[in-house]
1. Using θ = phi - 60° and the Karplus form 6.51 cos²θ - 1.76 cosθ + 1.60, what ³J(HN,Hα) does each residue of the range 128-143 get, whole Hz, x for Gly and Pro?
2. Order of 144-150, 133-139, 36-42 by packing, highest average Cβ count within 10 Å first?
3. Roughly speaking, what is the stretch gain from Gln65 to Thr80, that is 0.36 nm per residue apart minus the C-alpha to C-alpha distance, in nm to one decimal?
4. In whole percent, what relative contact order does the chain give with Cα contacts below 8 Å and a gap of six or more residues?
5. For Lys229, list the aspartates and glutamates whose Cα falls under 15 Å from its own Cα; do not include residues on the same chain fewer than 8 positions away.
6. Where does each of Glu103, Glu184 land when they are ranked from fewest to most other beta-carbon atoms within 10 angstrom?
7. Semi-axes of the chain's equivalent ellipsoid from the Cα gyration tensor, sqrt of 5 times each eigenvalue, largest first, rounded to whole Å?
8. For Ser110 and Thr180, compute 0.36 nm times the residue count separating them, minus their Cα-Cα distance, and round to one decimal in nm.
Amino acid sequence: MPNTDNRHAATLRRAEDILGHHFSDQSLLLRALTHPSAADGDSINNSYERLEFLGDAILGALVSQELYERYPDVPEGGLTRLKVSLVSGKSLAELARSLGLGELIIFGSSEHGTGKRGLSSALEDSLEALIAALALDGGMDVARGWVVGNLMSQESVDLALGPTNPKSALQEIFQVDQITPHYEVTSTSGPPHDRVFTARVIADGRVLASGSGHSKKDAEMAAARVALKQLKSK
């Protein structure tokens, strides 16, 4: 286990400020910030690798519970998209970078000459390790509070609520009431080489919206997109 000598005292203080938690066991915090390249030949015990494993599981559980409670009307598929968006490597690395953790990760000499090519991966791994360290040192409520206050506020949550396929998103909304939206092409216009189709989407006997496109599929997608916007505004 890495010792917590004065070489890293300023780094640990800064990390505690970022996390908003004073560690009783400073060695946990130091290990969560130590890249395997700086682990003195024992990356299992002296780096963030084992903590990362635990942090990944803790993060997944905390985010899943928070989403389950926060979005009672979102079906499983939507919750899964939300979770993936939040705990993706890109999302975690961006959060760690915005918090300034990139300046705190302790790299070994072998990484200094590479320009730290693996920095994004290290940011993700270290962030997960820090979440584990918070849980071990302060308890799950401390870890939950930090995750909710920092990760759950990311804009990717809103993005994930609107998947790339609006027809699938609309179907998920009505699936709760066992209703399946269906589509009808209502008109076709334009010359053969430049057709414009108009379609409407119907659910539970109601016309929700209409949309147009240069194919039947595009028109249906457009109708679903308009319906989603109208539902969101309500």
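1. Karplus-based 3J(HN,Hα) across the range 128-143 equals 5, 5, 5, 5, 5, 4, 4, 5, 6, 8, x, x, 5, 5, 5, 5 Hz.
2. On the way: 144-150: 17.1, 133-139: 20.7, 36-42: 14.7.
Answer by packing, highest mean first, reads 133-139, 144-150, 36-42.
3. Values: separation 15, 0.36 × 15 = 5.40 nm, distance 1.17 nm.
Here the answer is 4.2 nm.
4. Working: 347 pairs, mean separation 41.1, N = 234.
It comes to 18 percent, rounded to a whole number.
5. Cross-link targets: Asp158, Glu172, Glu220.
6. Details: Glu103 9, Glu184 13.
In increasing order of surrounding Cβ atoms, one gets Glu103, Glu184.
7. Details: eigenvalues 473, 78, 29 Å².
The equivalent ellipsoid of the chain has semi-axes of 49, 20, 12 Å.
8. Details: separation 70, 0.36 × 70 = 25.20 nm, distance 5.74 nm.
Between Ser110 and Thr180, full extension yields 19.5 nm more.
Quick note: the coordinates plus some simple rules give every number you see, no bench work behind them. Because the structure is a prediction, the values reported are computed rather than measured. In this analysis, Cβ positions are derived from the backbone assuming ideal geometry, glycine residues included, and neighbour counts consider all displayed protein chains.
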